[in-house]
Structure formats: C-alpha cells, structure tokens
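Heads up: the structure comes next, in structure tokens.
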Amino acid sequence: MNIHAYEKLWLVAAMLLIVGFIATITYGSVALGITMVGDQQDTVEPTELADDDRFDDPRVEQVGENEYEAYVVAQTFSFQPNPIEVPEDSDVTFYVTSRDVIHSFSLVGTNVNTMVIPGEVAEMTVEFDDPAEYGVVCNEYCGPGHHDMEGEVHVVSEDEFDLTELEADGPDEVETGDEISVDVTTENRQLEAIETTITLEIGDETLTEDVTIEGGETLETTFTVDSATLGEGDHDWTVTVDDHTDSGTVTVADDLEDDGGDDDE
Amino acid sequence: MSNAYIDQFPAEAKVIRAAFYSSFFALALGGVFGIIQTLHRTGYYRFIDSADYYTVLTAHGVFLVISFTIFFLVGIFTWAITTSLDRGVEDLRFTWGWYGLMAVGITLTGVAILAGFTDATDISASVLFTFYAPLQAHPLFYLGLVLFVVGTWFAGVDWFRSWWAWKAENPDERIPLPAFMVLTTMLMWYIATLGVAAAILLFLLPWSLGLIESVNPLLTRTLFWFFGHPVVYFWLMPAYMMWYVLLPKISGGKLFSDPLARVVFVLFLILSVPTGIHHQYLDPGIAEGFKFIAMTNTMFLLLPSLLTAFTVVASMEHGARQRGGEGYLGWLKALPWRDPVFAGMALAGLMFAAAGFSGMINAGMNINYLVHNTFWVVGHFHLTVGTAVALTFMAVTYWFLPQVTGKQLWSRSVALGQVVLWFVGMTFMSNAMHRGGLLGIPRRTAEPQYDGFEFEAAVGSVAELDAQIALGGVLLTLSLVLFFANVVGTALNGRSDDLPDNSYAGTLSGPEDAPQILDNLKLWTAIAVVLVIFAYTFPLLSIIDRGGLFGPELVELPLSTLDLESISALALAVEQSTIATLETTADTATAVIAGVIP
C-alpha cells in the first residue's frame, strides 16, 4: 500500500494523540481515584421505595467522622430531601434512585452528575470543602414539568450543621389551674454528642434546659407550666433546639365540658 | 445535449428527487420547530406553553436527524451506486417500494408526534428522539420508526443487488470507491439498527400496546444507544463521501488517496457500533470496565476522522495548485470560494474540526461528568449533524439539483449567501451552547431558569449567551429560507441542455495502490460483529441479570394529551397543514409507485 510520507507522519501523530488520551484518563481513574458511577449498588423496586430501608425516608446520615451518606429520591418533578444539607470538609456519598421515569441528579457547574434510572441506584462520593450552595437540576427530560424539577445542596459550616430532629407535643386545651406539659423528643443523628439547650416559650414564660445528647441517641424531655399563670385564652408555644423549632397552641379555659384533648396538639 | 445524471438515469433521477424533496420537507418542518424552541428557551418570544416545548423538541429532533438526513442520504447513495457502477437499479419497483415504506413510516411517526399538539386525539409521542422508557409514546410512533428503518434495510438490499450484478459482470475489478463507501456504511447500519429494532419490537411496541406489563429501562436505553451512536456515522458517512468524491473535483483536482479512503470507511464499519455505551458513562447499573472498553473504541474512532482531515485538505491543496495556487498557505486563495458547493463543504469541514475537539471532551470518560446532558452536548451535535452533515448536504444539493432535475440552479449567489449565513449563524449558536454547558445549563429543557439558584458565567453573562443563541437561530432560519427559495426556484426553471457532466473525482493514488483485502467486505463485517459481541454481550447480560428482561414494576408515563389550553392557533395551523402535506406526500408516493408498476 502506497502511503505518502506526510500521511504516515500524520497517522503516527494521530495514534499518539489517541493513546495519550486513553493514558490520561486511565491515569485519572487509577492514580487519582476518580471513580465512575457503576454497578456497585443492588437494584431496587421503584414502586416499593416506601418499604425500602434506604429510601423510605430520604435523608442525610453520618457514617464516619467526616463521612456522610445522602439517600436521595428523584421523582416527577422534585428531589427528596430538599435542600440536602451537609457540612463543610466532608465526604458525602450520594445514593440516588428514581420513583418513576429516568431523571438525573446534577449539581450545577460541577462534575457531580449522574443519571437516575428507575430500578438502579447511582452511587457517587463527593468531597465538599468550603460552605456553598449548589443548585441541583434534573438534566434528563422526564415529562411536561421537567423544567420545574430542581433542588439544592447546602454545604454549611461545622457550627451550623447538625442532624438533630425535634418533635414537641402538647395538649390542645387545659382547665385553668391544671398543668400544661409539653413533651419534647430530640434526636441526635450525628455520631458525636451534642451539647445544646432546649427552650420552651409560652406566653411570657421561657423555660430552658441544658442537655447533652450522645451520638445516635434520642432524648425525651417534658416541660411543665402552670396554666393559671398564663390565664384564660389561647397561648402559642414554641420549642427551640439550635435552629430547629416546633410549635403549637394550647387553650386555657375555666371549665371544660369534656376531659379529653390532651392527646395531641 | 448534456450528460447529466438525469440524462443517464432518468428513472433513478426521479427516485432521488422524491427522496430529496422528502428530506427538504422534513428540513423545513424541523427548521420551524427549531426557531420556535430557540426563541422559547432563550425567553425572547414565547407563544407555546412550556409543557408543549417537548413536543416541539421531539419534532425538531426526529424530523431533522431521522427524516432529513436519511432521506437525503438514500438519495445520494442511490446516485453513488448507479453512477460508480454505471448501471441502473436492478428493479425500479423495488426501489420505489423502499422509498414508499420509508415515507409511510415517517408519516406515521410524524403524525404521532404532531398529534401531541391537539386534544382532538389522545395520540401523542413527546418522548424526544431518544424515547427512553418509562416515557411512553403512542404505538404509531414506534411502528412508524420500524417501517422507516425497514425501508432503509431494503434500500441497502437494492444497492447490494446492484453490486452483486455488477460483480458478476466485472469479476476482477475493484469496487469503485463511491460504491465501496455505500456498501460499508450499509453494513454498519445493518449491525447498528439491530439494537433499535430489538428495543422497539421486543419491548417498547408490545409495552405501548399493553401486551407486556413493564420493561427494563436500562436495557431499552442501552439498546437505543447500541443504535444511537452509530446512527451519527450513518449521517456522517454520506457527508464524508461527498468530501472524498465531490469536494476534490469541485476544488479542481483529484482525491489524494483512494486506499486511505477505503481504510477510513472500513474503520467506521468496525468501530462505530461497539462505542454506544459512551453515551452511558453516567448510567448506574453498568460496570466501569464496560464503560472503559467503549471509551477505548471511541478514542480509536478519532483515527478515521483525523485521516479524513488529512486527505480532504491534501486533496483541496492539490486542486488549488492545479488552479495556479502557490506558497505554503497561499494556495488557499486559489480555491473556488465563490462556488457555493465548495464553500459550503469547506465551511462544514472546518466546523467539523471544531466539533472533533468538543467530541474528544465528551469521549473522555471522567471529563464527561462535567458536560453530560448539558447544553455543551447540544452545541457539539449542532456542529456535527447540524453543520458538518447538514451544511454539506445543503451545499451538495446545489450540485445535485441540476443533476436530478435537469434544470439550472436558480441562483448561485443566493446559494453562496445561504451557506455562509449558516456558518455564521451556527458559530454564534454553538459557541454559546458550549459555553452555557460549562456553566451547567442543562439541555432539553423549556426554561433553564430556576427559582433556587442562578447560573454564573465567569466571562460574559447568561443573557449574553441567550442573545447569541437567539441571533444564531434567526440567522439559521434565514439561511433555510434562502435554501428553500433556491430549491423552489430551481424546480420552477425550465429544462436546460447546458449542465455539467455527472462525474466524481479521480484519484492521485488509485485503487491499484489499495491492498485487495480492503475490498473483502465479509472479513470486515465479521470483525465488526466480533467487536460488537465483545463490547455488548457482557453489559447486556449483566443488565438483564440485574433488572430482569422485562424490568421491575414501573410507573409508566404515557405522554398523552397534556395541558392544552395554551396551544396557539399557529401551532395548530402548523400541525394541520403538516398532516395534510404529509398525507399528500404519501399519496404522491403511492401514486408514483402505482405509476411505475406496469
């Protein structure tokens, strides 16, 4: 075969270019540890996510000192949870699946980008450094509301970040003179203990309790207020732990016709 | 008396005309939908509801990359076979038969898509060109695609029959280069379309008809990309053929090397299909190793394109020197830049070089994460299929139209303005799309404007990018208007006796320099099949093993009639006239078929 000398030269240069490309990418995978979304995760049943341990409650979990796992569900046309909050200087592994059609989970302007396919779970680990807010888009067409499908990832400072869950429960009505008790459940889903203050504000009263909650523990506290000091009428109350609040309203009346009403807020 | 194609092969010229007009009709429709979505997406002019944007997008994609490109290429492939083998088709009825099948198929698909604009029927297919399950289109959509593809299969059979007949009469001759290119491209196409045929016939069509409960979305998606990547070479190979066999002649010279042209087409036959998984780098459920294999194959596909760049430029230089060009770069001035056929192809080639660079980024397995499904990708394929292919097709139309109609081109100046306008418009549009993609702006969305965050441009602004895209879209639309003016103007011209001869470029280094083995199509096909088996068997088995052949229970999303209040009168008018015209086309085709059957 008759090949012109220049063309031979070009051919060699082209081959070098190609081999060079493959080499750099191989280097990125092997030496720098850039992993691809692959088949690491088992499949799930898209219609039974409510019964799936990982996806029944989309959330962020702490699994190591600076290591977190985020379980994310994409569906027409939203992401859960939203926003996803993680701390600075952390390694976060996202597990993303779909409840219905094919979506994507893509942090705008970054290379955090994966397809989300029903039945499959995409896994990718991301290092977050400084606090920042990222937009999340679905970049795979998923139906007529596709352009409304968005979310956010908030990388917050160490101080602001927690995985605390607060739930407070008080009576709807009490008779003047009876005690009002507000039950507070505080769960610390982080691995480390937190020291914090639980505050109840009701009427002009403010009650506080300093607590330490061990990692993974749930603390039950009850605040008690004498209804007589509040007087007759509706009184709003708020329980605060760090940034988390829960609130309710209690009615204080002179004579109640029935005795119920203390079972839920 | 001239010796144009229509004088040599009047009956075949008629088929090619029909294929070209079908192609141009699709181009017109695709163009209308293109400008609607450009203005909608950039926010300059919105008259459709955003939910209907996806119907517009489906129509834009399917009409342009399926109907426009493929109808055009069956036309030039028919020209290439008949001209280079110097014999008419073996059976004209068969030729009209496959054309008719393609026309009927795409009409069904088109009707299913366009019906998405009206609530008069439940039919809809706003599933985009990729039709990923669990998005579900009306069965007509899938059925039409099947008929269309089967039509192209028969077209291939037609061309192989010509070759076999020719070979029987010329047992010791080398396959003429244009015929060689057609045959290798069709072999690649047969292998590639097995994927989409399996996806539709085994899964999507029965599913849309309710015969099976569910599908495995990853499986149908993988089968789509089995076809979805090589289909881009199905568009590109005819453009390459034009660069190899027509461009050197128009430049005033000869093709630099026939053997390397054959090598290039053999490489495309071998490597086009086992690369599809590079569209799925981000898919969960496919192991990294399979992605790596696809990437390696993809990177080696750069080779035939780089070889083409060399051969095409060398051929142009040879032409320029025949015309008196001198110097290291001075010869460029001697090229026939005022000839729209040359200017269009040269500009298309230049854009393809740029597209090659963005393509290398896309192919990089881990860099791809930054750009996957962003606007960058849209910029990339508007350079490849949208310019390298489309602009080449439009440019060569100015050479082919006189050949197959027997009429002089209406206006060469308008033609020259048209190709330049396309180049300028696409420069604005695709550049801005690439940049937008780097900011993370997604593709395929009606409104890349979100509540919770904004896209931040390091240089310029999103508004500036939108302005460039809208400007580009308007220029491209104007360019299309000029193109159609020329097509119609030429059709209205009278028969001319003063047409250039039907011929293609000679070669500096001819087939006698090419090893005989290059013409061994069985060998190359066998290697291609082995590579496909190697690249796809394990991924497919693994996907089936993981998700099941028919997948998990799914929440399907039939895209039947959506929010219809906001559909404008224009969209309805477009749709109704389109259906009417499509029907007329089908009727004409049927009439023509009836006419040629004795």
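The values are calculated or read from the model by the stated rules, or taken from the named source; none is laboratory data. From a predicted model like this one, the values you see are computed outputs, not experimental measurements. So basically every Cβ, Gly included, is an ideal-geometry build from the backbone, and we count neighbours across all protein chains shown.
So here's what we get for this one:
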quantity	calculated
Answer residue from region B:118-132, given it is closer than 18 Å to B:Ile48 by Cα and touching a residue at least 40 places away in the same chain (Cβ under 8 Å) and is farthest from the chain's Cα centre (by Cα) among those	B:Asp119
Per-region count, region A:28-72, residues more than 19 Å from A:Thr125 (Cα to Cα) and not β-branched (Val, Ile, Thr)	10
Failed item, numbered, when B:Gly285 is tested on (1) within 14 Å of chain A (Cβ to nearest Cβ); (2) closer than 24 Å to A:Leu16 by Cα	(2)
So B:Asp7, is it in contact (Cβ under 8 Å) with a residue 12 or more places away in the chain, more than 20 Å from B:Val404 (Cα to Cα) and among the acidic types (Asp, Glu)	no
Verdict on B:Ser479 being in contact (Cβ under 8 Å) with a residue 12 or more places away in the chain, over 24 Å from B:Met181 (Cα atoms) and more than 12 Å from every other protein chain (Cβ to nearest Cβ)	yes
Unique residue being of a type in the set (A, V, I, L, M, F, W, C) and not in a helix (DSSP H, G or I) when the list is B:Leu508, B:Leu482, B:Leu471, B:Leu523	B:Leu508
Total residues in region B:372-388, condition of a type in the set (S, T, N, Q) and assigned to a loop (DSSP other than H, G, I, E, B)	1
Pairs, first more than 21 Å from B:Met394 (Cα to Cα) and touching a residue at least 60 places away in the same chain (Cβ under 8 Å) in region B:417-437, second aromatic (Phe, Trp, Tyr) and surrounded by fewer than 24 Cβ atoms within 10 Å (Cβ to Cβ), C-beta under 8 Å, six or more apart	B:Gly436/B:Phe455
Checklist (1) farther than 24 Å from B:Gly436 by Cβ; (2) more than 7 Å from every other protein chain (Cβ to nearest Cβ); (3) in a loop (DSSP other than H, G, I, E, B) applied to A:Val101, failing item	(2)
Candidates B:Thr82, B:Thr55 - the one that is over 21 Å from the mean Cα position of the chain (by Cα), assigned to a helix (DSSP H, G or I) and polar (S, T, N, Q)	B:Thr82
Residue count, region A:64-82 (criterion: away from every other protein chain (no Cβ under 13 Å) and more than 18 Å from A:Val153 (Cβ to Cβ))	2
Any chance B:Pro259 is of a type outside the set (A, V, I, L, M), touching an Asp or Glu at 6+ places or on another chain (Cβ under 8 Å) and farther than 24 Å from B:Ala309 by Cα	no
Candidate set from region B:116-166 (those that are among the polar types (S, T, N, Q) and within 14 Å of another protein chain (Cβ to nearest Cβ)); member that is nearest to B:Ser67 (Cα to Cα)	B:Thr130
Residue that is farthest from B:Phe256 (Cα to Cα), among those in region B:514-545 that are hydroxyl-bearing (Ser, Thr, Tyr) and in contact (Cβ under 8 Å) with a residue 12 or more places away in the chain	B:Ser542
Extreme residue, surrounded by the fewest Cβ atoms within 10 Å (Cβ to Cβ), among residues of region B:87-115 that are more than 22 Å from B:Trp164 (Cβ to Cβ) and among the β-branched types (Val, Ile, Thr)	B:Val104
Some residue of region A:181-200 being within 23 Å of A:Asp226 (Cβ to Cβ), assigned to a loop (DSSP other than H, G, I, E, B) and not assigned by TED's automatic domain parsing to the domain that holds A:Glu61	no
Enumeration of residues in region A:98-122 that are more than 20 Å from B:Ile367 (Cβ to Cβ) and either out of contact with any Phe, Trp or Tyr (no Cβ under 6 Å at 6 or more places or on another chain) or surrounded by fewer than 22 Cβ atoms within 10 Å (Cβ to Cβ) (or both)	A:Ser98, A:Arg99, A:Asp100, A:Val101, A:His103, A:Ile117, A:Pro118, A:Gly119, A:Glu120
Residues of region B:397-419 satisfying the condition of being touching a Pro at 6+ places or on another chain (Cβ under 9 Å) and in a helix (DSSP H, G or I)	B:Tyr398, B:Trp399, B:Pro402, B:Gln403, B:Arg412, B:Ser413, B:Val414, B:Ala415, B:Leu416, B:Gly417, B:Gln418, B:Val419
Residue check for B:Lys333: of a type in the set (D, E, K, R) and closer than 26 Å to B:Leu480 by Cα	no
Of all residues in region A:1-32 being in contact with a helix residue (DSSP H, G or I) (Cβ under 9 Å, 6 or more places away or on another chain) and aromatic (Phe, Trp, Tyr), the one that is farthest from the other protein chains (Cβ to nearest Cβ)	A:Tyr6
Test result for A:Asp53, in contact with a strand residue (DSSP E or B) (Cβ under 9 Å, 6 or more places away or on another chain), away from chain B (no Cβ under 14 Å) and not in a helix (DSSP H, G or I)	no
Residue check for B:Arg221: in a helix (DSSP H, G or I), among the basic types (Lys, Arg) and over 23 Å from the mean Cα position of the chain (by Cα)	no
In region B:365-395, residue modelled with the lowest pLDDT [restricted to those that are within 16 Å of A:Asn111 (Cβ to Cβ) and surrounded by fewer than 22 Cβ atoms within 10 Å (Cβ to Cβ)]	B:Asn366
Close pairs from region B:298-321: first facing chain A (nearest Cβ under 8 Å) and closer than 14 Å to B:Met241 by Cα, partner at pLDDT below 95 and surrounded by 23 or more Cβ atoms within 10 Å (Cβ to Cβ), Cβ under 6 Å, at least 6 apart	B:Leu307/B:Leu260; B:Thr311/B:Phe256; B:Thr311/B:Ser257; B:Thr311/B:Leu260
Residues that are within 12 Å of another protein chain (Cβ to nearest Cβ) and of a type in the set (A, V, I, L, M), drawn from region B:348-376	B:Met360, B:Ile361, B:Ala363, B:Met365, B:Ile367, B:Leu370, B:Val371
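The rows are residues; the columns are (1) in contact (Cβ under 8 Å) with a residue 40 or more places away in the chain; (2) within 14 Å of another protein chain (Cβ to nearest Cβ).
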| position | (1), (2) |
| --- | --- |
| A:Pro131 | yes, no |
| A:Gly135 | no, yes |
| A:Glu140 | no, yes |
| A:Glu165 | yes, no |
| A:Ile180 | yes, no |
| A:Gln190 | yes, no |
| A:Glu195 | no, no |
